[in-house]
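*Asks:* Take a look at this one; I'll ask things after.
The values are calculated or read from the model by the stated rules, or taken from the named source; none is laboratory data. In this text the structure is predicted, and so the values were computed from the model without any measurement. So basically every Cβ, Gly included, is an ideal-geometry build from the backbone, and we count neighbours across all protein chains shown. Each accessible area value is taken on the protein alone, full model and side chains, heavy atoms only, with ligands, DNA and RNA left out. Shrake-Rupley method; radii C 1.70, N 1.55, O 1.52, S 1.80 Å.
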Amino acid sequence: MTASAVLVRADEAKRTRRRGGIVPPWWFAVPAVLVYAVVVLYPSIAGAGSAFTDWSGVGSARTFVGAANFKQLVHDDQALGALRNTLLLTVAIVVIQNAIGLLLALGVHTRIRSRMILRMVFFAPVVVSPVMVSFLWKFVYNPAPDSGLNAALGAVGLGGLRQDWLGNPSLALWSVAFTVIWQCAGYSMVIFLAGLEGVPAELHESAMVDGAGTVARFRHITWPLLAPAVTINVMLSTVGGLTLFTQIIAMTNGGPGYATDTLSTVLYKQAFVYGKFGYSTAIALVLAIFVAAVTFLQIGYLRSRETTV
C-alpha cells in the first residue's frame with residue numbers, strides 16, 4: 001500500500017468517526033462518570049448547602065443562617081489552632097518526606113546486590129494500614145520508662161532524653177509527623193526511582209568524560225530531569241498533609257488538649273461529637289477550597305518548572 005493510499009484511508013476513518021459510524025472511546029467512560037456523579041459529586045454539592053444552616057445532623061429541621069458558620073470559623077480559636085497545625089504538618093511532611101524519599105531512591109538506584117531487597121524493605125510500610133502503623137507507633141511512644149522508645153534510650157545511656165512523646169504538647173505534633181513520614185517516605189522513593197530510571201545513562205557518561213563530579217551531575221542532569229517526579233511527589237504529599245486525619249485520631253485524638261488537632265479532626269468532632277453538622281460542613285467547604293487553591297497553584301508553578309528544564 002502506497003503512502004497516498006494510507007493517507008486516504010486515514011482521512012476516510014476520520015470522516016466515519018465524525019458521522020458517528022465509530023463510537024468515540026470516551027463513551028466508555030460514561031458509566032463510571034455517572035456512578036461517580038451520583039455517589040460523590042451530587043452528595044458533595046447537595047451537602048455544601050448545609051454550611052449555610054444550623055442543621056444538627058438529626059432530622060430534617062434546619063434554619064438558614066447565611067454566613068454565620070463562616071464568621072464563627074474565623075473567630076474559633078480551636079479551628080485557627082487546627083489550621084496552624086495543619087500547615088506545620090504539611091510543610092514538615094512535604095519537605096522531609098520527599099527529601100528522605102529522594103535520598104533512598106538515590107541509594108537504591110545503584111548496582112549493589114541488595115538493591116531489590118532494600119527497595120522492598122523501604123516500601124513495606126506503605127502497604128500497611130495507617131491505623132495499624134499508628135497503633136504501632138503509639139506503643140513505641142509509650143511514656144513508661146521501660147517501654148518502647150524510652151526503653152531504647154535508657155538502654156543506650158540516653159535516659160535523660162525520655163519523654164512523654166504524645167502527651168507533651170510541644171512534641172506530640174512532631175511525633176505524629178514522624179510517623180507519617182516513616183510510613184510514606186517509601187512511596188516517594190518509588191516515584192523518584194521511576195524518574196531516575198528515565199534519566200539517560202549517556203548524559204552521565206558524557207558529563208564524567210568532561211570532568212563533572214557527582215554533585216555537579218546531580219545538579220545539572222539528574223535534578224532537572226526529575227521535575228515530573230518532583231511534581232507528583234509534592235502534590236501527593238501536600239494533599240495528604242492538608243487532609244491528614246487517620247493518624248491524628250488513632251494516636252492522639254487531637255490531644256493533648258487541642259495540640260494536634262487538624263482541620264479534618266475539628267470538622268469530624270464538630271459533626272459527630274458536638275452535633276454541629278452545619279458548622280462542620282462549613283469547615284469542610286473551606287478546607288476543600290483551600291486544598292484546591294493550593295493544588296492549582298502548585299500545578300501551575302511545578303508544571304512551568306518542567307517546561308523550562
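*Asks:* Identify all residues within region 218-247 that are closer than 27 Å to Thr265 by Cα, among the aliphatic types (A, V, I, L, M) and part of a helix (DSSP H, G or I); write none if there are none. Show your work before the answer.
*Replies:* Our first condition is that a residue be closer than 27 Å to Thr265 by Cα; within region 218-247, this holds for 232-247.
Those still in the list that are among the aliphatic types (A, V, I, L, M) too: 232, 234-236, 239, 242, 244.
Within region 218-247, Ile232, Val234, Met235, Leu236, Val239, Leu242 meet the criteria.
*Asks:* State whether the residues of region 210-226 include one that is surrounded by 13 or more Cβ atoms within 10 Å (Cβ to Cβ), among the polar types (S, T, N, Q) and touching a Ser or Thr at 6+ places or on another chain (Cβ under 9 Å).
*Replies:* No, region 210-226 has no match at all.
*Asks:* Being among the hydroxyl-bearing types (Ser, Thr, Tyr), open to solvent by less than 30 Å² (accessible area, probe 1.4 Å) and not in a helix (DSSP H, G or I), is that true of even one residue in region 261-277? Explain how you work it out, then say what you get.
*Replies:* Let us first name the residues in region 261-277 that are among the hydroxyl-bearing types (Ser, Thr, Tyr), namely 262, 264-265, 268, 274.
Restricting the remaining residues to those that are open to solvent by less than 30 Å² (accessible area, probe 1.4 Å) gives 262, 264-265.
Then keep just the ones that are not in a helix (DSSP H, G or I); that gives 262.
Within region 261-277, one or more residues are among the hydroxyl-bearing types (Ser, Thr, Tyr), open to solvent by less than 30 Å² (accessible area, probe 1.4 Å) and not in a helix (DSSP H, G or I).
*Asks:* I need a count of the residues in region 105-115 that are over 22 Å from Gly240 (Cα atoms), aliphatic (A, V, I, L, M) and open to solvent by less than 50 Å² (accessible area, probe 1.4 Å).
*Replies:* Of all residues in region 105-115, those over 22 Å from Gly240 (Cα atoms) come to 106-115.
Pick out the ones that are also aliphatic (A, V, I, L, M) and you get 106, 108, 112.
Still in the list and also open to solvent by less than 50 Å² (accessible area, probe 1.4 Å): 108.
Selection size over region 105-115: 1.
*Asks:* If Lys138 meets every condition in (1) more than 17 Å from Asp261 (Cα to Cα); (2) assigned to a helix (DSSP H, G or I) apart from one, which number is that one?
*Replies:* It fails just one condition, (1).
*Asks:* Residue check, Thr281 against (1) open to solvent by less than 40 Å² (accessible area, probe 1.4 Å); (2) at pLDDT 95 or above, all met but one. Which one?
*Replies:* Thr281 satisfies all of (1) open to solvent by less than 40 Å² (accessible area, probe 1.4 Å); (2) at pLDDT 95 or above except (2).
*Asks:* Restricting the search to region 286-300, which residues are in contact with a helix residue (DSSP H, G or I) (Cβ under 9 Å, 6 or more places away or on another chain) and open to solvent by 50 Å² or more (accessible area, probe 1.4 Å)?
*Replies:* Kept after step one, since they are in contact with a helix residue (DSSP H, G or I) (Cβ under 9 Å, 6 or more places away or on another chain), are these residues of region 286-300: 286-288, 290-291, 294-295, 298-299.
Answer for region 286-300, where residues must be in contact with a helix residue (DSSP H, G or I) (Cβ under 9 Å, 6 or more places away or on another chain) and open to solvent by 50 Å² or more (accessible area, probe 1.4 Å): Val286, Ala288, Phe290, Ile299.
Table: residues versus (1) exposed (fewer than 15 other Cβ atoms within 10 Å of the Cβ); (2) closer than 23 Å to Ser264 by Cβ; (3) modelled with pLDDT of 95 or more.
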{"position": "Ile45", "(1), (2), (3)": "yes, yes, no"}
{"position": "Arg84", "(1), (2), (3)": "yes, yes, yes"}
{"position": "Val95", "(1), (2), (3)": "yes, yes, yes"}
{"position": "Asn98", "(1), (2), (3)": "no, yes, yes"}
{"position": "Leu102", "(1), (2), (3)": "no, no, yes"}
{"position": "Ile117", "(1), (2), (3)": "yes, no, no"}
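*Asks:* Let me ask something additional. Specify which of the listed residues (Phe122, Phe139, Phe135) is within 30 Å of Ala227 (Cα to Cα) and not basic (Lys, Arg).
*Replies:* Numbers: Phe139 fails: within 30 Å of Ala227 (Cα to Cα); Phe135 fails: within 30 Å of Ala227 (Cα to Cα).
On inspection, the qualifying residue turns out to be Phe122.
*Asks:* Name the residue, out of Val126, Val131, that is open to solvent by 60 Å² or more (accessible area, probe 1.4 Å), assigned to a helix (DSSP H, G or I), among the β-branched types (Val, Ile, Thr) and modelled with pLDDT of 95 or more. Give the steps one after another, and end with the answer.
*Replies:* Numbers: Val126 fails: open to solvent by 60 Å² or more (accessible area, probe 1.4 Å).
From the options Val126, Val131, the qualifying one is Val131.
*Asks:* Return yes or no: is Val234 in contact (Cβ under 8 Å) with a residue 60 or more places away in the chain, under 24 Å from the mean Cα position of the chain (by Cα), within 27 Å of Pro130 (Cβ to Cβ) and open to solvent by less than 40 Å² (accessible area, probe 1.4 Å)? Write out each step before concluding.
*Replies:* Details: in contact (Cβ under 8 Å) with a residue 60 or more places away in the chain: yes; under 24 Å from the mean Cα position of the chain (by Cα): yes; within 27 Å of Pro130 (Cβ to Cβ): yes; open to solvent by less than 40 Å² (accessible area, probe 1.4 Å): yes.
Against the criterion (in contact (Cβ under 8 Å) with a residue 60 or more places away in the chain, under 24 Å from the mean Cα position of the chain (by Cα), within 27 Å of Pro130 (Cβ to Cβ) and open to solvent by less than 40 Å² (accessible area, probe 1.4 Å)), Val234 qualifies.
*Asks:* Could you list all residues from region 58-101 that are basic (Lys, Arg) and in contact (Cβ under 8 Å) with a residue 24 or more places away in the chain? Before you say what the answer is, go through the steps one by one.
*Replies:* Quick first cut of region 58-101, residues basic (Lys, Arg) only: 62, 71, 84.
Within region 58-101, Arg62 is the sole residue that qualifies.
*Asks:* Please specify each residue of region 147-171 satisfying the condition of being on the phi > 0 side of the Ramachandran plot and outside any helix (DSSP H, G or I).
*Replies:* Gly157
*Asks:* May I ask you to verify whether Ala185 is at pLDDT 95 or above, under 20 Å from Arg115 (Cα atoms) and open to solvent by less than 30 Å² (accessible area, probe 1.4 Å)?
*Replies:* Details: at pLDDT 95 or above: yes; under 20 Å from Arg115 (Cα atoms): yes; open to solvent by less than 30 Å² (accessible area, probe 1.4 Å): yes.
Considered against the rule, which asks whether it is at pLDDT 95 or above, under 20 Å from Arg115 (Cα atoms) and open to solvent by less than 30 Å² (accessible area, probe 1.4 Å), Ala185 comes out as yes.
*Asks:* List pairs: first residue in region 212-223 and hydroxyl-bearing (Ser, Thr, Tyr), second residue surrounded by 16 or more Cβ atoms within 10 Å (Cβ to Cβ) and outside any helix (DSSP H, G or I) anywhere in the structure, Cβ distance under 7 angstrom, at least six positions apart or on different chains.
*Replies:* Close Cβ pairs (under 7 Å, with a partner that is surrounded by 16 or more Cβ atoms within 10 Å (Cβ to Cβ) and outside any helix (DSSP H, G or I)) amount to Thr222/Val199.
*Asks:* Out of curiosity, is Val91 of a type in the set (Val, Ile, Thr), open to solvent by 50 Å² or more (accessible area, probe 1.4 Å), modelled with pLDDT of 85 or more and within 21 Å of the chain's Cα centre (by Cα)? Give the steps one after another, and end with the answer.
*Replies:* Details: of a type in the set (Val, Ile, Thr): yes; open to solvent by 50 Å² or more (accessible area, probe 1.4 Å): yes; modelled with pLDDT of 85 or more: yes; within 21 Å of the chain's Cα centre (by Cα): yes.
In short, yes.
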